[in-house]
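This report concerns only the one structure given below.
The values are calculated or read from the model by the stated rules, or taken from the named source; none is laboratory data. Note that the structure is predicted; figures quoted are calculated from it, not measured. Ideal geometry is used to build each Cβ from the backbone, glycine not excepted, and the neighbour counts take in all protein chains shown. Note: areas computed on protein heavy atoms with side chains; ligands, DNA, RNA excluded. Shrake-Rupley method; radii C 1.70, N 1.55, O 1.52, S 1.80 Å.
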Amino acid sequence: MCGIVGYIGEENATPVLVNALKKLEYRGYDSAGIAVLDEEGLLVRKAKGALKFLEEKISTEIIRGSMGIGHTRWATHGEPSDINSHPHTDVAGKIAVVHNGIIENHAKLKNWLEAHGVVFRSETDTEVIAHLIDFHYNGDLLLAVEETIKRLEGSYALAVISENDPDRIVAVRKDSPLVIGAGKGENLIASDVPALIEYTRDVYYLDDREIAVLFRDHVDFYDEDGVPHSKELFHVEWDVSAAEKGGYEHFMLKEIHEQPKALIDTLRARIKTYTTKSINLEEVGFDASWADAGRVVITACGTAWHAAMVAKYAFEHFARIPTDVDIASEYRYRNPIIDPKNIFIIISQSGETADTLAAMRMAKKADQGLLR
Ligand code: GLU
């Protein structure tokens, strides 16, 4: 997971990008970077470590430019370092890309690009995207992005800017979140709504494989083949402070302390009466037929896997249903035997854990008889 942001408007982009990134630090904090387009061209600044190191790095210079993109990273490919930080650029440094996700076929694409003379600078999966966009660029950034995403396997939320297109940011997503904020004379991109609220409460939620082209005064939407369409604007009413740290020193501490309340809030409406002890979970598809499931299979990664281990104790102790717990990254690659009768549960704190989502898709395919 990581956080991406973008700004195009009349203001100085850099403080907006840094400020928006601060709201996304919970998504990743091993390095950060920005790319800003000013009259002289593309300027990229990146730094390993928390966002404050990037802030320190740029504090001594005046960066002008009213459009740019930014990133706060949680590395998947390539160690946290200045070079591996996003944004990544093409060889000429004219196209910049920020990416949240994993490009599964990056090694193959890298070989192909190297055979076409591209010299790579970083160890990330993301860098292939910048070079592919350059390869497909023929004066039309939207078309170059369309051609590029046809070649990408995996998950991505992308924001792309180019020196040759100083009036637009192109954004697209697949299996990673991306929200567009519609302001007055300015438009923004972020991985999550809290980063936008200070600037606008009017947002578009980008769908999978949908492309947005942000100009200063409007946003155009296209499907993956470049066919334009209109899109519904949402007004965000909810209280952002609830999504932030709520007085705790850091998010982990807040989440630990919130566990009893979160459990009570989740279950309260579903526990019909304390006397009959009946729990109603119809909305997640739980019904009496599940009594024949025979087995519960839970997949998860990291701390969610520890939560799954607790669930195993509870399921086996209270419900007497045998329960398997699997690390999702092992599960998806070990050709598991999936019985469509079983109850399959995934746990992901972010809702975006790539391996866990892949395990879920495998189980769904098995359920539809598409896997053996
Ligand atoms: N895969 C990219 C990288 O490692 C993006 C990471 C992320 O989404 O957190 O740089």
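Of the listed requirements (1) within 16 Å of the ligand (Cβ to nearest atom); (2) crowded, with 17+ Cβ neighbours inside 10 Å; (3) among the hydrophobic types (A, V, I, L, M, F, W, C), Met67 misses just one: (1). Within the option set Gly93, Gly78, Gly139, Gly101, being within 21 Å of the chain's Cα centre (by Cα) and either more than 16 Å from the ligand (Cβ to nearest atom) or in a strand (DSSP E or B) (or both) holds for one residue only, Gly101.
Within region 182-228, the set of residues being within 24 Å of Thr148 (Cβ to Cβ), of a type in the set (Asp, Glu) and free of Cβ contacts under 8 Å to residues at least 60 places away in the same chain comprises Asp207, Asp208, Glu210, Asp220, Asp223. Keeping to region 125-141, report how many residues are open to solvent by 10 Å² or more (accessible area, probe 1.4 Å) and either among the polar types (S, T, N, Q) or farther than 22 Å from Ile83 by Cα (or both). Of the residues in that region, 5 qualify.
Checking each residue in region 316-335 for being open to solvent by less than 100 Å² (accessible area, probe 1.4 Å) and either of a type in the set (Asp, Glu) or modelled with pLDDT under 90 (or both) picks out Glu316, Ala319, Asp324, Asp326, Arg332. Scoring Arg121 on the criteria (1) among the charged types (D, E, K, R); (2) out of contact with any helix residue (DSSP H, G or I) (no Cβ under 6 Å at 6 or more places or on another chain); (3) more than 16 Å from the ligand (Cβ to nearest atom) leaves a single failure, condition (3). For the condition among the polar types (S, T, N, Q), open to solvent by less than 20 Å² (accessible area, probe 1.4 Å), modelled with pLDDT under 95 and touching a helix residue (DSSP H, G or I) at 6+ places or on another chain (Cβ under 9 Å), Ser85 does not qualify.
Residue check: is Gly9 small (Gly, Ala, Ser), more than 14 Å from the ligand (Cβ to nearest atom), over 20 Å from Ser122 (Cα atoms) and in contact with a helix residue (DSSP H, G or I) (Cβ under 7 Å, 6 or more places away or on another chain)? When the stated conditions are applied, Gly9 does not pass them. Restricting attention to region 12-47, the residues that are assigned to a strand (DSSP E or B) and either within 12 Å of the ligand (Cβ to nearest atom) or aliphatic (A, V, I, L, M) (or both) add up to 12. Among the residues of region 104-124, those that are assigned to a loop (DSSP other than H, G, I, E, B) and open to solvent by less than 70 Å² (accessible area, probe 1.4 Å) comprise Asn105, Gly117, Val118, Phe120, Ser122, Thr124. Based on what the data block shows, is Thr60 more than 16 Å from the ligand (Cβ to nearest atom), part of a loop (DSSP other than H, G, I, E, B) and either touching a helix residue (DSSP H, G or I) at 6+ places or on another chain (Cβ under 7 Å) or open to solvent by 30 Å² or more (accessible area, probe 1.4 Å) (or both)? Here the answer is yes, as Thr60 does meet what is asked. In region 142-166, of all residues being open to solvent by 10 Å² or more (accessible area, probe 1.4 Å) and polar (S, T, N, Q), the one that is nearest to the ligand (Cβ to nearest atom) corresponds to Ser155.
Condition check for Lys52 on (1) buried (at least 20 other Cβ atoms within 10 Å of the Cβ); (2) away from the ligand (no atom under 11 Å from the Cβ): one failure, at (1).
Restricted to strands (runs of 3 or more DSSP E) entirely inside region 178-237, those with at least 1 residues that are acidic (Asp, Glu) are 202-205, 219-222. Among the residues in region 150-157, are any closer than 18 Å to Leu42 by Cβ and either modelled with pLDDT of 95 or more or among the aliphatic types (A, V, I, L, M) (or both)? Within region 150-157 (the criterion being closer than 18 Å to Leu42 by Cβ and either modelled with pLDDT of 95 or more or among the aliphatic types (A, V, I, L, M) (or both)), the answer is no, since none of the residues qualifies.
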